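Structure first, then comments.
The values are calculated or read from the model by the stated rules, or taken from the named source; none is laboratory data. Computed from a predicted structure; not experimentally measured. In this analysis, Cβ positions are derived from the backbone assuming ideal geometry, glycine residues included, and neighbour counts consider all displayed protein chains.
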Amino acid sequence: MNYAEIKTCDIANGEGVRLSLFVSGCTHHCKNCFNPETWSFDYGKPFTNETEEYILSELKPGYVEGMTLLGGEPFEPQNQRVLLPFLRRVRAQFPNKTIWCYTGYLFDKELLSESRARCECTDEMLSLIDVLVDGEFVQELYNISLQFRGSSNQRIIDVKKSLAQGTVVPYHPKSGRL
């Protein structure tokens with residue numbers, strides 16, 4: 001897997017100060033995507049053991065609330081296969097930090113059901129994520145006033161509660177506004 005960028009002090013892609021990992025590779029190709037260079041799986045730099053160690057070291061400070069995965073598309077199967085072992089490490093070392101993930105795939109219709117996104121890693125990867133922002137970016141539904149998402153079709157999902165209840169449970173940010 002390649003990655004496009006690592007932001008170590010990101011306040012736009014989830015609650016609080018976060019480390020954001022922008023992975024490469026996406027087959028959605030949303031119109032007016034804010035990161036079209038990440039559509040190519042070959043874009044950026046290789047995600048190596050050194051990259052993992054760097055991210056883990058940058059997650060240590062107490063002011064960092066957690067990590068956000070976005071891209072590209074973290075739930076492309078070839079990306080899941082690399083991200084899953086890494087997410088296990090993050091969760092083991094930082095059990096109190098949150099993991100957010102942005103995906104163009106729909107949680108209930110594509111990640112939990114048969115689709116091109118599903119692979120042997122999907123269920124466990126979902127179990128390690130706290131908050132999922134799902135749905136493709138749709139230019140016609142773009143709304144700058146939305147918190148943590150670009151278009152009104154996208155949902156902010158509490159993954160743990162959704163998996164436990166067997167239905168989509170919206171996540172409510174600490175600020176109380178979406």
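Values for this structure:
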| quantity | calculated |
| --- | --- |
| Qualifying residues in region 135-151 (those that are among the polar types (S, T, N, Q) and surrounded by fewer than 17 Cβ atoms within 10 Å (Cβ to Cβ)) - the one nearest to residue 76 (Cα to Cα) | 139 |
| Sole exception among (1) touching a Cys at 6+ places or on another chain (Cβ under 9 Å); (2) surrounded by fewer than 19 Cβ atoms within 10 Å (Cβ to Cβ); (3) free of Cβ contacts under 8 Å to residues at least 60 places away in the same chain; (4) not β-branched (Val, Ile, Thr) for residue 132, by number | (2) |
| Close pairs (9 angstrom Cβ cut-off, 6 or more residues apart or separate chains): surrounded by 12 or more Cβ atoms within 10 Å (Cβ to Cβ) in region 104-126, acidic (Asp, Glu) and at pLDDT below 95 anywhere | 104/136; 105/136; 106/136 |
| Candidate set from region 1-60 (those that are in a helix (DSSP H, G or I) and buried (at least 18 other Cβ atoms within 10 Å of the Cβ)); member that is modelled with the highest pLDDT | 55 |
| Test: residue in region 93-102 that is touching a Gly at 6+ places or on another chain (Cβ under 8 Å), of a type in the set (Phe, Trp, Tyr) and surrounded by fewer than 21 Cβ atoms within 10 Å (Cβ to Cβ) | yes |
| Residue in region 85-92 that is in a helix (DSSP H, G or I), of a type in the set (Phe, Trp, Tyr) and surrounded by fewer than 21 Cβ atoms within 10 Å (Cβ to Cβ) present | yes |
| Sole residue being within 16 Å of the chain's Cα centre (by Cα), in a loop (DSSP other than H, G, I, E, B), within 21 Å of residue 64 (Cα to Cα) and of a type outside the set (S, T, N, Q), chosen from 99, 129, 156 | 129 |
| Residues located in region 61-76, provided they are surrounded by fewer than 16 Cβ atoms within 10 Å (Cβ to Cβ) and either outside any loop (DSSP other than H, G, I, E, B) or touching a residue at least 12 places away in the same chain (Cβ under 8 Å) (or both) | 63 |
| Residues that are in contact with a Ser or Thr (Cβ under 9 Å, 6 or more places away or on another chain) and free of Cβ contacts under 8 Å to residues at least 12 places away in the same chain, drawn from region 143-154 | 143 |
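Per-residue answers, yes or no, for (1) part of a loop (DSSP other than H, G, I, E, B); (2) more than 16 Å from residue 69 (Cα to Cα):
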position: 110; (1), (2): no, yes
position: 116; (1), (2): yes, yes
position: 124; (1), (2): no, no
position: 136; (1), (2): yes, no
position: 162; (1), (2): no, yes
position: 174; (1), (2): yes, yes
